[in-house]
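The values are calculated or read from the model by the stated rules, or taken from the named source; none is laboratory data. Just so you know, these numbers come straight off a predicted model, no measurement behind them. Here the Cβ positions follow ideal geometry from the backbone for every residue, glycine too, while neighbour counts run over all protein chains shown. Calculation scope for accessible area: heavy atoms of the full protein, side chains included, ligands and nucleic acids excluded. Shrake-Rupley method; radii C 1.70, N 1.55, O 1.52, S 1.80 Å.
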Amino acid sequence: MIIIERMFAQDASTLFRAWTEPDQMARWRGSPGWHVETDGLVSELRPGGRHHHVKVRDDDPSVRVTTDAMFTEFFDPDVFVALQQISGDPEIDPQQRMELRVEFVKTGRDGTLVRIIQGPYPPSIADQHSAGWEAELGRLETYLAGGGAR
């Protein structure tokens, strides 16, 4: 399992929406050099709801990583949990279900800690995927600051 945490100045509700509303997700998701396709992006915000997105490499659109998931927990604006199947990443077994848990924890007066827990990952690639999440959170920060990350 990997655990990534980052503090944000925004409130939990703003962050929760950025993570769960398709039009916002398409603006920041993906590491630098990648983007999320807007066609077919789905996020049904309820337990049992479906989530689907495809990340595409900017310089080679034939490289695509698809995430299909089902929300298992959903408590707006505190946490969501999804069981995922990821295909197109040669280091991840597409038959292995992964769990993604994203928590939005109020800190102080205005801040929010975003905590991502995801896995299981083979130990050989956990650091690489942690770095990927760090890069995506950097894009989220830029997007929320009005920089339109994409």
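Brief remarks follow.
- Search result, residues across segment 104-122 that are without any contact (Cβ under 8 Å) to a residue 60 or more places away in the chain and either more than 20 Å from LEU83 (Cα to Cα) or in contact with an Asp or Glu (Cβ under 7 Å, 6 or more places away or on another chain) (or both): GLY108, ARG109
- The lone exception for GLY40 - which of (1) modelled with pLDDT under 95; (2) within 13 Å of the chain's Cα centre (by Cα) it fails: (2)
- Only one entry in ARG27, ARG46 is of a type in the set (Lys, Arg) and over 14 Å from the mean Cα position of the chain (by Cα), namely ARG46.
- Note on segment 33-150: enclosed strands (runs of 3 or more DSSP E) holding 2 or more residues that are open to solvent by 40 Å² or more (accessible area, probe 1.4 Å) and under 18 Å from ALA9 (Cα atoms) are 98-107.
- The listed residue being basic (Lys, Arg) and without any contact (Cβ under 8 Å) to a residue 60 or more places away in the chain, out of ARG6, ARG29, ARG50: ARG50
- Top-ranked residue of segment 1-24 - restricted to ones that are in a helix (DSSP H, G or I) and out of contact with any Ser or Thr (no Cβ under 7 Å at 6 or more places or on another chain), ranked as most open to solvent (accessible area, probe 1.4 Å): ASP23
- Verdict on ASP68 being within 14 Å of the chain's Cα centre (by Cα) and farther than 18 Å from GLU5 by Cβ: yes
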